[in-house]
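Q: To start, I am sharing the structure in question, which I have written as structure tokens.
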């Protein structure tokens, strides 16, 4: 009986350092995440379970609904969809983060979806521009320079997870808008 009382004090989930990837979740967590709409959304409809770079995979997959649907929306409606996606993330991420046992688990990729959608807000559906935006967004999201790093350090939980990617998306959108504005004069100066 003494041993059982001692075992009750042990944590039921492994420490956060042990939960490195979707394959290292506490027992039963993967099933709970898949069965609950909050986990389903937070993992980008299952994309977050990718064993290879789930954030990058989610970013690339999120381009598909943008290409086929979102890019045709008027800007106000488009930004409304991004805002709604952010709010849905605020609903889904706290539960998913708690269930995973880690502050910012790699399987939570809804923040990448929201961030890339914002990054693509002003772009035409031309693959060179989209590729440039995806690459810039991922670089900003991974290395977190300037205000992105500041937000990552100062905001925690679901809001912090979403907010730093939203900033990366906003900075990417700004950079791409400037590049779009500069492209015609540069091409005209270089052309015959």
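Q: Residues in segment 63-80: is at least one under 14 Å from the mean Cα position of the chain (by Cα), within 17 Å of residue 162 (Cα to Cα), in contact (Cβ under 8 Å) with a residue 24 or more places away in the chain and part of a helix (DSSP H, G or I)?
A: No, because not a single residue in segment 63-80 is under 14 Å from the mean Cα position of the chain (by Cα), within 17 Å of residue 162 (Cα to Cα), in contact (Cβ under 8 Å) with a residue 24 or more places away in the chain and part of a helix (DSSP H, G or I).
Q: On to the next question. If a residue has to be under 16 Å from residue 62 (Cβ atoms) and under 13 Å from the mean Cα position of the chain (by Cα) to count, how many in segment 81-91 make the cut?
A: Here the count works out to 5.
Q: Among the listed residues 173, 168, 158, identify the single one that is more than 17 Å from residue 104 (Cα to Cα), surrounded by 13 or more Cβ atoms within 10 Å (Cβ to Cβ) and in contact (Cβ under 8 Å) with a residue 24 or more places away in the chain.
A: The match here is 173.
Q: Shifting gears a bit: Can you name every residue in segment 112-139 that is within 12 Å of the chain's Cα centre (by Cα) and farther than 13 Å from residue 60 by Cα?
A: The one that is within 12 Å of the chain's Cα centre (by Cα) and farther than 13 Å from residue 60 by Cα: 118.
Q: Output the number of the condition that residue 51 fails; it satisfies all remaining conditions of (1) modelled with pLDDT of 95 or more; (2) loosely packed, with under 12 Cβ neighbours inside 10 Å; (3) in contact with a helix residue (DSSP H, G or I) (Cβ under 8 Å, 6 or more places away or on another chain).
A: (1)
Q: Has segment 22-33 got any residue that is in contact (Cβ under 8 Å) with a residue 60 or more places away in the chain, out of contact with any helix residue (DSSP H, G or I) (no Cβ under 7 Å at 6 or more places or on another chain), part of a loop (DSSP other than H, G, I, E, B) and surrounded by 13 or more Cβ atoms within 10 Å (Cβ to Cβ)?
A: Yes: one or more hits.
Q: I've got another one for you. Just to check your reading of the model, which residue among 145, 124 is more than 22 Å from residue 79 (Cβ to Cβ) and either out of contact with any strand residue (DSSP E or B) (no Cβ under 8 Å at 6 or more places or on another chain) or surrounded by 12 or more Cβ atoms within 10 Å (Cβ to Cβ) (or both)? Step through it out loud before you land on a result.
A: Details: 124 fails: more than 22 Å from residue 79 (Cβ to Cβ).
Matching residue, one of 145, 124: 145.
The values are calculated or read from the model by the stated rules, or taken from the named source; none is laboratory data. Please read these numbers as outputs of a predicted model, since none were measured by experiment. Positions of Cβ are generated from backbone atoms using ideal geometry, with glycine treated the same way; all protein chains shown enter the neighbour counts.
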